[in-house]
Amino acid sequence: MIDTNCHILENRPVAVNTFMLVLEYKKKIDWWPGQFVMLRLTEALDPFLRRPFSILDLGDNRLEILYRIRGRATNMLSRMGKGENLKVLGPLGKGFSMPRDNEEIIYVAGGIGLPPVLALARVLKRGHLILGAKTFREIPMLDRIKDIDGIEIALATEDGSIGEKGTVIPRFEKLVEGFGPGCMVYACGPTPMLKRVSKVSIENGVMCEVSMEERMGCGFGVCHGCTVNTLDGNRLVCKDGPCFDASKIIWRT
Amino acid sequence: MDLSLNIADGLMLNNPVMNASGTFAYGREFSEIFDLSIMGALIPKALSLGPRQGNPAPRIVEAPCGLINSIGLENIGVDAFLKRELPFLKGFKVPIIANFFGESFEEYIECASRLTVDGINALEMNVSCPNVKSGGLEFGRDKKVLSDLVRMVKDKTTKPIIVKLPPIGGDIVELALAAQKAGADALTCANTFPAMAIDEETWKPTLANYVGGLSGPAIKPIALRFVWDIHTKVDIPIIASGGISSYRDVIQFLLAGASAVQVGSMSLRDPLCFKEIIEGLRAYMALHHIESINDIVGKLRS
Ligand SMILES: Cc1cc2nc3c(=O)[nH]c(=O)nc-3n(C[C@H](O)[C@H](O)[C@H](O)COP(=O)(O)O)c2cc1C
Ligand code: FES
């Protein structure tokens, strides 16, 4: 984990309320899909806390982040432009684990849960990606996603504007039941989706990892703000996760 | 140039900057990004006799120039701390101040006596955490209860006792005087302020615990006033806590009468801020030809 100043190279809309942020990142550092960075938007004291963003890609002096406007801080970020400066603390947290050789892989992403899952699919270059969104216009960079080597992609939208109409779950169930145990599931998205994906995985005896979200104070394990309840007791989303074995999570209602 | 100061017997600091309890865990994460031996003192997270889970999430939320937390004093307990964390912290050769609390007189006393070991230089009593329904608040709210508590704890330990006061306007000076009379060696002023956040879209409280404590630059001017008010009435050293984010803030608190400071929320946002603040102090003293940090304490001009 290092804290470094980065210039914005690009910050452009790629779908409804969704932006692609590219930062010049000069440090050489290892990372793995599922890890994240904490961005400090301003030297001023408001907004005060940094915000967590999943790493889409990091290398060749570039850090790529895909984000959706969800509050005041992301709104501010969306109005920043080329050349402006951000402070980047990272890479943070524990990313997804490796699948076993020859194991079938299913990636499930809902809404803006896409980045960590997409990052993993791009690194592993095999498996099935099911991507859900409210509507066609909310899916970023579809052409790029469709072209990932070795990845079969299926889409579902709530309004049926592209792919199957409805959620990612029916397609996911079909795939999991087809593969049976010995397949590996990686998921990120809204909590109701994660709960369903994890339930279906467990019922089918399939290993599932979910990338969790929680409000964060620090992002590196010192404030204990981002707690998640697991069968092993309290865990920190920022340090013990964000990627967790789904069978260990005690979901909040 | 001399940044060192003495808070109490056995509590000599190389500089006046420490971390605040609860924003530093037990030091391991910070030690990965800077050398903890630069610190004036180290204060691990508040300890209770046994381990505690704290409150459910969400338990932290942004506020204007600060944050509200309802962690609920989650911690590993005194014994686990002594066994697993203290040996690591001792390695930095910096004074260690153990912050602790209890839900009863007996728990406070038992914690204090177990924490009276080599390697711990002082005890900071948290009598003011506004997060825990059954915890701290009552002890720090009532003059009589507070002085009984301080007296009993003093009896059970040879370590200097620092009382961390609750931020309640007006009465804080009374509480400070009561703590001093009961034998406190120093005061920390203050803790987080009672606060709340509500989501206007869902009509729900943002924190699962409904209420929490406000910290960060938002509370700095109020904390500064508390330090000043107390400084004019008590004789024991004051350690300031509340929104300190730069060396300039440190100078202001020293002028108001604090001998040392704690930095909490700011280090969540900028984990390297301790280094910047200490270096800033040095540069300030050089620029203004100030020989000793003690020459600033309480020197507010009229
Ligand atoms: C996340 C968080 C956890 C805290 N936990 C404790 C604690 O365990 N014990 C304690 O005495 N104070 C605790 N505090 C209060 C701080 O030590 C400090 O007094 C307060 O935050 C004001 O200082 P600041 O504005 O620099 O953060 C906590 C504060 C925060 C933000
Ligand atoms: S966000 Fe501070 S511990 Fe996870």
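The values are calculated or read from the model by the stated rules, or taken from the named source; none is laboratory data. Owing to the predicted nature of the structure, the values given are computational and were not obtained by experimental measurement. We place every Cβ from the backbone using ideal geometry, glycine too, and count neighbours over all the protein chains shown. Side chains included, ligands, DNA and RNA excluded: accessible areas come from the protein's heavy atoms. Shrake-Rupley method; radii C 1.70, N 1.55, O 1.52, S 1.80 Å.
Descriptive notes on the structure:
- Strands (runs of 3 or more DSSP E) contained in segment B:170-248 and holding at least 3 residues closer than 15 Å to B:Gln262 by Cα and within 14 Å of ligand 1 (Cβ to nearest atom): B:186-189, B:238-241
- Here A:Gly233 meets each of (1) at pLDDT 95 or above; (2) more than 16 Å from ligand 1 (Cβ to nearest atom); (3) on the phi > 0 side of the Ramachandran plot with one exception, condition (1).
- Residue among A:Gly150, A:Gly189, A:Gly83, A:Gly110 that is free of Cβ contacts under 8 Å to residues at least 60 places away in the same chain and among the small types (Gly, Ala, Ser): A:Gly150
- Pairs linking a residue in segment B:151-162 that is open to solvent by 100 Å² or more (accessible area, probe 1.4 Å) to a residue that is among the aliphatic types (A, V, I, L, M), with Cβ atoms under 6 Å and 6 or more positions apart or on different chains, are B:Arg151/B:Ala182; B:Lys156/B:Ile109; B:Lys156/B:Ala112.
- Identification of strands (runs of 3 or more DSSP E) wholly contained in segment A:8-80 with 1 or more residues that are of a type in the set (S, T, N, Q) and more than 16 Å from ligand 1 (Cβ to nearest atom) yields A:18-24, A:51-54.
- Check on B:Glu85, under 19 Å from B:Met266 (Cβ atoms), of a type in the set (Asp, Glu) and within 14 Å of another protein chain (Cβ to nearest Cβ): no
- Qualifying residue in segment A:145-161 (condition: modelled with pLDDT under 95, in contact with a strand residue (DSSP E or B) (Cβ under 9 Å, 6 or more places away or on another chain), loosely packed, with under 15 Cβ neighbours inside 10 Å and in a helix (DSSP H, G or I)): yes
- Segment B:242-265, subset open to solvent by 20 Å² or more (accessible area, probe 1.4 Å) and touching a residue at least 40 places away in the same chain (Cβ under 8 Å), residue nearest to the other protein chains (Cβ to nearest Cβ): B:Leu255
- If you filter segment A:13-40 down to residues that are within 14 Å of chain B (Cβ to nearest Cβ) and open to solvent by less than 10 Å² (accessible area, probe 1.4 Å), you find that the one that is nearest to the chain's Cα centre (by Cα) is A:Val37.
- In segment B:65-76, the residues that are under 15 Å from A:Glu214 (Cα atoms) reach residues that are open to solvent by less than 10 Å² (accessible area, probe 1.4 Å) and among the basic types (Lys, Arg) with C-beta atoms within less than 8 angstrom, at least six apart or across chains, in these pairs: B:Asn69/B:Arg59; B:Ser70/B:Arg59; B:Ile71/B:Arg59.
- For segment B:1-34, the tally of residues that are away from chain A (no Cβ under 14 Å) and touching a Phe, Trp or Tyr at 6+ places or on another chain (Cβ under 8 Å) stands at 1.
- For segment A:106-122, a tally of residues being under 18 Å from A:Pro192 (Cβ atoms) and open to solvent by 10 Å² or more (accessible area, probe 1.4 Å) returns 2.
- Test result for A:Gly225, within 19 Å of the chain's Cα centre (by Cα), facing chain B (nearest Cβ under 10 Å) and either within 16 Å of ligand 1 (Cβ to nearest atom) or open to solvent by 10 Å² or more (accessible area, probe 1.4 Å) (or both): no
- Residue match in segment B:52-60 (condition: open to solvent by 40 Å² or more (accessible area, probe 1.4 Å) and more than 9 Å from chain A (Cβ to nearest Cβ)): yes
- Looking across A:Glu10, A:Glu43, A:Glu103, one residue alone is over 30 Å from A:Thr157 (Cα atoms) and either more than 14 Å from chain B (Cβ to nearest Cβ) or open to solvent by 60 Å² or more (accessible area, probe 1.4 Å) (or both). It is A:Glu43.
- Residue in segment A:177-199 that is surrounded by fewer than 19 Cβ atoms within 10 Å (Cβ to Cβ), on the phi > 0 side of the Ramachandran plot and part of a loop (DSSP other than H, G, I, E, B) present: yes
- Of A:Glu173, A:Glu214, all but one fail to be more than 14 Å from every other protein chain (Cβ to nearest Cβ) and either more than 16 Å from ligand 2 (Cβ to nearest atom) or touching a Ser or Thr at 6+ places or on another chain (Cβ under 8 Å) (or both); the exception is A:Glu173.
- In segment A:228-253, the residues that are more than 8 Å from chain B (Cβ to nearest Cβ) and assigned to a loop (DSSP other than H, G, I, E, B): A:Leu231, A:Asp232, A:Val237, A:Cys238, A:Asp240, A:Gly241, A:Ile250, A:Trp251, A:Thr253
- Of all residues in segment A:210-219 being buried (at least 24 other Cβ atoms within 10 Å of the Cβ) and closer than 14 Å to A:Phe244 by Cβ, the one that is farthest from ligand 1 (Cβ to nearest atom): A:Val210
- When segment B:259-276 is filtered for residues that are outside any loop (DSSP other than H, G, I, E, B), away from ligand 2 (no atom under 12 Å from the Cβ) and among the aliphatic types (A, V, I, L, M), the ones remaining, listed by number, are B:Ala260, B:Val261, B:Val263, B:Met266.
- Boolean, B:Ile96 is within 10 Å of chain A (Cβ to nearest Cβ) and open to solvent by less than 10 Å² (accessible area, probe 1.4 Å): no
- Considering segment B:61-80, and only residues there that are in contact with a Pro (Cβ under 7 Å, 6 or more places away or on another chain) and more than 11 Å from ligand 1 (Cβ to nearest atom), the residue that is nearest to the other protein chains (Cβ to nearest Cβ) turns out to be B:Glu62.
- Set side by side, the residues B:Ala41, B:Ala25 differ, and just one is within 16 Å of ligand 2 (Cβ to nearest atom), modelled with pLDDT of 95 or more, in contact with a Pro (Cβ under 9 Å, 6 or more places away or on another chain) and open to solvent by less than 10 Å² (accessible area, probe 1.4 Å), which is B:Ala25.
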